[in-house]
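Report on the structure given below.
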Amino acid sequence: MLRCAITLICVFGLSFFSSNLFAQVIEKVDLPTALEGPLLEEDPFDLVFLDSYNRDAIMKIVPLKNPIKAPFPTDGFLVFEFAEESENLLQVPWVRVVDYKSFSELVIAEADRWLAEKEYAKAFRNFLYLYDRGGKGDPKIENALRTCLFQDGVESFRAASDAVKAGENAAGKFELALSIFEDIYATQPDFKVDGLPRTLLEINLACYEGIVQGYEREGEYEMIRNLLTQVSKTYGPKADPLLNKWKEIFEEKSDELLSQAEAFANAGEGLAAHAAVRRANSIFPDRKATLRVYSKIVEQFPLVFVGVTQGPQDANPERLENWGARRIGKMTQRAMIEFSGLTDEGGRYDFLNGQMTLIDDIGLEYRLEILPNQNKFAVPPITAWQVASRLQSFADPSSDNYKVAWAKILEWVEIENENQVRIKLKVPFVRPEALLQLPYEDLGEEGLPVQNGPYVMTSTDDENSTYELNPLYPRVADRQHPAIIEKQFRFASEAVDALVKGDIDVLDRVPIAEIPKLTKDKNVQVRPYAVPTIHMLVPNPRNEFVRDKNFRSGLLRGINRELIVNEVICNGQEISGCETISGPLPRGTVDNDQLAYGYNLRVRVHPYNNRLGMVLAQLVNERLEAKRREDGVKDPVVERPPMILAHPTDHVATVACRSIAQMWREIGVQTILKPLPDGETLPQDDDWDFLYVASSIEEPLVDIKKIIGRTGYAKNISATIEQSLKQLSYSSSWQSSCSILRRIHRQISNEVAVLPLWQLNEYFAHRNNVTEVGRDLVHLYQNVERWRIYPIDAEQNKP
């Protein structure tokens with residue numbers, strides 16, 4: 001770059017229109033120094049070359065509107081502005097100008113230098129700059145562009161070929177070369193490539209082969225098939241040698257894997273047999289030989305591979321905030337009364353061993369009747385005495401099973417006969433069944449829950465967990481009862497890829513941003529769960545700042561929730577049911593509003609306002625400092641500690657908390673992120689200020705107490721909210737229950753007891769060869785005893 005340094009007070013022949021520029025002097029600079037570039041990375045300029053009378057100076061000036069070419073005028077002045085000091089006009093006699101280079105000429109010179117150095121991509125950029133600025137139609141510039149492209153393609157092809165010889169994946173280099181050569185082939189198929197002893201067709205097909213080799217190294221067989229289909233359409237019979245070659249390669253690899261699969265099957269190694277035959281099918285789909293072996297293996301070892309991102313660390317069906325614990329708990333543990341779906345008035349509940357009925361007119365007395373032949377699978381046997389004992393145990397404060405909500409309303413339990421138990425409540429309660437989702441048995445050995453669900457865990461390691469039909473229950477003759485192999489993935493995107501490839505059959509939780517992609521896959525079905533997740537920040541009132549309502553309100557207003565949910569989580573795609581909320585309760589969706597009975601639509605979502613957030617957050621400091629001054633403290637300045645934001649390590653929580661932390665820093669609140677150990681959703685210590693929680697709320701009537709209050713995540717609540725929760729415990733009608741819940745919603749919003757963020761509709765997905773998974777599921781394994789797997793597309797195999 002030319003630097004106009006000041007070395008003399010004046011230069012002969014150069015006069016200034018402005019007297020205060022008398023100190024401007026031009027340093028003698030040679031042309032190569034002026035073209036150190038890249039020129040396109042700085043503002044345009046022209047160069048003026050002065051004569052020896054002016055010490056052969058070169059001036060870097062603002063480009064003239066009408067560049068001048070030699071011969072130059074013999075009288076008059078060149079009026080100009082210095083490129084770096086363009087506030088004043090200057091002039092120099094034309095007789096002192098020996099040469100003039102416009103910026104376009106400099107760009108061409110630089111491009112020629114890069115061509116000589118074989119920097120074709122850089123040269124192409126320069127010529128494209130000129131093409132876009134009046135060079136269109138100029139045969140020299142257009143030819144230069146073609147030359148750059150062509151030479152860049154040649155260099156890319158040679159580099160890719162060298163990379164292949166070195167054993168490297170050269171797919172990217174071949175793709176670059178192919179993009180260039182195919183453009184030439186489209187208009188000049190007989191074009192001869194100088195320096196390469198091949199026809200352009202041979203070069204293009206060689207590029208495709210290099211790309212295929214690279215994809216094969218990565219196991220991207222679907223991409224290979226799509227690529228070869230494109231080759232066939234573009235080149236027709238001319239591509240047959242390439243297509244036939246890779247067909248033979250894939251057949252050979254597929255045959256080898258099929259032999260391995262049969263050997264594994266004969267040795268009783270079902271997992272390995274499935275992996276081998278699935279691999280064979282991904283390499284060469286729907287071969288008769290593959291389907292024959294696949295059918296035998298599925299018949300011998302019916303296995304369904306389920307992709308998950310949260311493992312089975314703590315199987316507990318009551319963990320609303322732990323997706324993995326809830327999923328496994330629902331499959332391996334039974335409750336006497338279970339939530340099975342939604343109705344217009346709350347949840348639908350089933351007494352697994354019979355039926356529960358109201359037997360009076362005021363809602364105080366109920367009968368649980370044990371009925372034989374319920375046609376329900378995997379139901380632990382129970383007697384009337386055991387039912388009565390469990391009901392009393394959960395109302396006994398001295399019992400480990402004590403449930404406060406149930407104890408508050410239970411009056412007495414009576415055994416009527418060997419199949420009937422009668423209960424009486426102290427006060428009517430709108431949905432007592434919701435309080436009776438009680439386990440059949442106390443904790444078993446080592447304090448672990450008894451596995452009395454339809455499936456039990458039989459093995460687990462860092463990658464796979466295996467679940468098989470519970471031996472307590474007999475097989476049903478017309479059902480397959482496949483084993484479930486949960487494969488844990490570190491990243492949800494990897495699980496999506498595995499589902500598309502067929503490495504897994506079911507995906508437990510589809511990343512929100514991937515839903516549109518999967519819905520376009522003809523081999524995959526994507527379905528929503530009946531229950532969304534509710535996302536919030538729970539405060540830990542361990543210091544004066546977090547305890548201050550204004551501070552919490554400032555933090556909430558400093559979060560651009562619309563931006564995070566729409567752009568960060570949903571990746572700019574409109575997903576039904578994914579929206580911001582004003583309280584920790586389900587808002588419902590257009591298709592499903594049965595859970596929205598507790599949501600108060602009159603409580604608006606506070607809009608993002610980072611200025612107000614900054615002011616509210618700062619008010620706490622001012623209040624505390626004023627109190628210190630009143631107390632006579634010499635140094636009343638209060639330093640606010642950084643907020644520690646704890647969060648699970650799943651994708652949504654991680655990206656959301658990164659965005660939240662950045663937004664809090666922008667309003668002056670320093671924030672430290674604290675990722676929890678993998679699989680954990682609750683901190684084991686008190687060293688945090690806010691916790692990111694995502695809860696699956698099935699029944700707001702009872703689940704609200706797992707969110708706030710003495711048994712909830714947010715325990716520090718006002719007496720007003722506590723009183724409303726108490727009233728909810730004795731609610732006797734849906735009208736009063738809804739009214740109280742909506743009042744609680746408003747109270748939580750007013751007090752900022754939690755920081756509500758958004759509601760997300762959750763989705764699961766499965767390949768077509770897994771059937772009877774179900775619709776409107778509350779949890780993935782709700783119908784697991786009915787699942788059936790086929791070796792290929794289920795529509796081709798259904799009996």
For the range 624-633, Karplus couplings with θ = phi - 60° (6.51, -1.76, 1.60), whole Hz, Gly/Pro x: 5, 5, 5, 5, 5, 5, 4, 7, x, 6
Residues of the range 349-388 with amide N under 14 Å of a point placed 7 Å along Cα→Cβ from E411: 359-367
Angle in degrees between helix 120-130 and the longest Cα principal axis of the chain, rounded to the nearest 10: 70
Helix-only CD estimate at 222 nm, as mean residue ellipticity for the chain, using -39500 (n - 2.57) per DSSP H run (n ≥ 4): -11500 deg cm²/dmol
Estimated FRET transfer efficiency when R0 is 22 angstrom, pair D43-K140 (beta carbons, to 0.05): 0.30
Where labels lie 7 Å past Cα in the beta-carbon direction, separation of D75 and N609 in nm: 7.3
Lys, Arg +1 and Asp, Glu -1 on Cβ, resulting dipole of the chain about Cα centre, debye, nearest 20: 1620
Accessible surface, the range 176-309, averaged per residue in Å² (probe 1.4 Å): 50
Efficiency of FRET between R628 and L563 - r from beta-carbon atoms, R0 60 angstrom, step 0.05: 0.95
The range 418-455-the range 217-276 distance, computed between alpha-carbon centres (Å): 53
Inter-label distance for R658 and Q420, nm, one decimal - labels placed 7 Å from Cα along Cα-to-Cβ: 6.3
Relative packing of peptides 672-681, 495-504 - highest average C-beta neighbours within 10 Å first: 495-504, 672-681
Gain in span if fully extended, D112 to N523, counting 0.36 nm per residue against the direct Cα distance: 142.6 nm
Contact order relative to length of the chain, as percent, for alpha carbon pairs under 8 angstrom and 6 or more apart: 11
Among A498, Y467, Q480 - extreme Cα towards positive end, dipole of the range 450-529, charges at beta-carbon: Q480
Residue list for the range 626-667, given a label point 7 angstrom along the Cα-to-Cβ vector of R542 and an amide N cut-off under 17 Å: 640-648
Peptide ranges 521-527, 645-651 listed from the most packed, as the mean C-beta count within 10 angstrom indicates: 645-651, 521-527
Surface accessible to a 1.4 Å probe, R278 within the full protein complex, Å²: 20
Principal-axis tilt of helix 171-187 within the chain, Cα atoms, nearest 10 degrees: 60
Loop chymotrypsin sites (Phe, Trp or Tyr not before Pro), the range 399-466 (other Cβ atoms within 10 Å of the site Cβ: 16 or fewer; DSSP): Y402
Virtual paramagnetic centre 7 Å along Cα→Cβ of R367, amide N under 15 Å, in the range 402-443: 414-424
Long-range amide H partners of L410 with built H, under 5 Å: K426
Cα-only Debye scattering, the range 531-648: base-10 log of I(q)/I(0) at q = 0.13, 0.16, 0.19, 0.23 Å⁻¹: -0.66, -0.89, -1.12, -1.38
Most to least packed among 282-294, 59-71 [average Cβ atoms within 10 Å]: 282-294, 59-71
Tilt relative to the chain, helix 139-165 - C-alpha long axis, 0 to 90 degrees, to 10: 50
Residues of the range 490-603: accessible area per residue with a 1.4 Å probe, Å²: 39
Solvent-free Debye scattering, log10 I(q)/I(0), computed from the Cα coordinates of the chain at q = 0.04, 0.06, 0.07 Å⁻¹: -0.30, -0.62, -0.77
Segment A186-S493, length gained on full extension (0.36 nm per residue, minus Cα span): 106.8 nm
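The values are calculated or read from the model by the stated rules, or taken from the named source; none is laboratory data. This structure is a prediction, so every number in the text was calculated from the model and none was measured. All Cβ positions, even for glycine, are placed from backbone atoms using ideal geometry, and neighbour counts span all protein chains on display. Only protein heavy atoms, including side chains, enter the accessible area calculation; ligands, DNA and RNA are left aside. Shrake-Rupley method; radii C 1.70, N 1.55, O 1.52, S 1.80 Å.
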